[in-house]
Amino acid sequence: MKYYITTPLYYVNGNPHIGHSYTNIACDTLARFRRLEGDEVLFVTGTDEHGQKIKEAADAKGMTPRDFVDSVVPKFSELWKKLNITYDDFIRTTEPRHEKVVQAILEMFHKNGDLYEGEYSGWYCTPCESFWTKSQLVNENCPDCGRHVEQIKEKNFFFRLSKYQKWLLDYIEAHEDFILPVIRRNEILSFLKNPLNDLCVSRPKARLSWGIDMPFSKDHVTYVWFDALLNYIAACGYGADEAKFKKFWPADIHVIGKDILRMHAVNWPIMLHAAGLEMPKTIFAHGWWKIGGDKMSKSKGNVVDPLEMADKYGIDAYRFFLLKEVSFGADGSFSEEALVSRINSDLANDLGNLLHRTLSMIDKYFSGIVPERRDIGLADDITKAMAEKAGKIEHGIRSAMNKIDFSRALAVIWELINMANKFIEQKAPWKLSKAGKTDELKDMMYDLYEVLRIVSVALWPFMPSTAEEMTRQLGLSETKAELKYLSWSLARSGTKINKGNPLFPRIED
Ligand SMILES: [Zn+2]
């Protein structure tokens, strides 16, 4: 099986923030999970580098747009490295492989009549790069940002979105998983009840020259949103590597933030359909992280820097928090207090403690060697329940991940962790040791070790460094990164453990 997953291409007019990191951590988790499944994964991220705002940001720094984007792109690629994001390809919209695809599609639409030349007259908001009709203005200002708009009259090229409106509506209605979650699907269905306007896909060079040249007009460049979306086919070989394209297209999932839903769920499907290409299977729009109920913004000074959080609390703790705290699709509220509380409870207390005390006991009672378990079946109820829970973990994680529900998948893993902690409390191994019940103690240590081994495999997509450190401490020479290693009783007695420091030390206020 193949699995093609994309993030949006991030607009490089500012630094990456928590929202960017959230999308990429989510996509990385899905990509890693699919690799555990044995799928051939193509995971693509990148940067969107054209348009008015980039030009302005470059001007403000006294740089050319090219030098400016070259200076910002590493901030993204370095953040992804730091956050352990295992993308397969990083595409920039200023690369020739992308520009060629954009021009080929424009040519095609121009030839088949889906693109036409017209006069545009309207009000333009420069910061939003949006045109408005008079009736859309609010107090004569931009309805999105409230800023001043300019009246503009110019020749442009338009893409016939309106021609395909009926087709799109029918397609969405016939494909339940095309736009997720349901709230976003309904939002688009209701948006499509009103007539669609054709999309202005060009910008006159007299006003903006930083863009991809229109192949049939020397006076225009391509509108940045028309250009950027085409990366999804450019990255998987459209027009350049037919075998690769045939293998990976259509995408299995485009993960986006809900603020760019319309471009992805209206414009993009119509562009693909007009180009005679198949639809992606799913467009999933996740929610926003708010800061104490407020939207994050530069002006409010409440922008969360993912690098700072990862440095302060650890990459995996940051990944865990984002994936666990809210169900994917809903909005979340970010605070350092909430992050610290998750670290102390779920990571230090539940997971870290289970590993540390189990390995300490194996050290103490059996000189660091995983003991042999008696072949007596699962003697008592709690052992039986634990093995059963472990047996269901593969199914539980898979069904949650198929629904893109990270929080649920982690909850499945934590049920097993918590059961093992309870097992220790109830059976009090120190008492077994004192009473000389060595066989029972051996069985118990083997079972706890087995839970930890399974957890280390299951956690890998979510918290890769933690999973690898657990593997090391458990004395397993290799990471068995396949879902089949989630089966109960694969642990080998005789394995020498390498107890290390606690995974997540408690954070005191
Ligand atoms: Zn605006």
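Bear in mind these aren't lab numbers, they're just calculated from the coordinates by the rules spelled out. This one's a predicted model, so the numbers in the text were calculated from it and none came from an experiment. Here the Cβ is made from the backbone with ideal geometry for all residues, glycine too, and neighbour counts use every protein chain on show.
Some notes on this structure:
- Dipole orientation for the chain: of the candidates W488, Y22, L410, W488 has the Cα lying most toward the positive pole (charges on Cβ; Lys, Arg +1; Asp, Glu -1).
- Centre-to-centre, using Cα atoms only, region 114-185 and region 275-353 are separated by 30 Å.
- Every helix of 4 or more DSSP H residues in the chain counts as -39500 (n - 2.57), and over all residues that averages to -14000 deg cm²/dmol at 222 nm.
- Each label was represented as a point 7 Å from its Cα along the Cα-to-Cβ direction; for E40 and F216 these points are 3.7 nm apart.
- Angle between the chain longest axis and helix 96-112 axis [Cα atoms, degrees, rounded to 10]: 50 degrees
- By the rule of a C-alpha distance below 17 Å, with chain neighbours fewer than 8 residues away ignored, the aspartates and glutamates paired with K100 are D48, E49, D213, D227, D241, E242.
- The angle separating the long axis of helix 165-174 from the principal Cα axis of greatest extent in the chain is about 20 degrees.
- Computed from the C-beta positions of E117 and V138 and an R0 of 30 Å, the FRET efficiency is 0.50 to the nearest 0.05.
- Sorted from longest to shortest, the spans of the Cα atoms of the chain along the three principal axes equal 91, 46, 39 Å.
- The modelled label-to-label distance for the pair R357/S327, using points 7 Å beyond Cα in the direction of Cβ, is 3.2 nm.
- Three-way shape label, region 27-133, alpha-carbon gyration tensor, a/c 1.5: oblate
- Dipole size of region 450-509 about its Cα centre, with +1 on Lys/Arg Cβ and -1 on Asp/Glu Cβ: approximately 320 debye, rounded to the nearest 20.
- Filter on K155/K205; K258/K281; K81/K392; K53/K298; K81/K247 - keep pairs with C-alpha separation over 22 Å: K81/K392; K81/K247
- Under conditions of 20 °C and 1.002 mPa s, region 214-272 yields 165 µm² s⁻¹ as its translational diffusion coefficient, taking Rh as the Kirkwood radius over Cα pairs in the Stokes-Einstein equation.
- Between region 228-244 and region 459-509, the alpha-carbon center distance in angstrom: 38 Å
- Using alpha-carbon coordinates, inclination of helix 18-36 to the longest axis of the chain, degrees: 60 degrees
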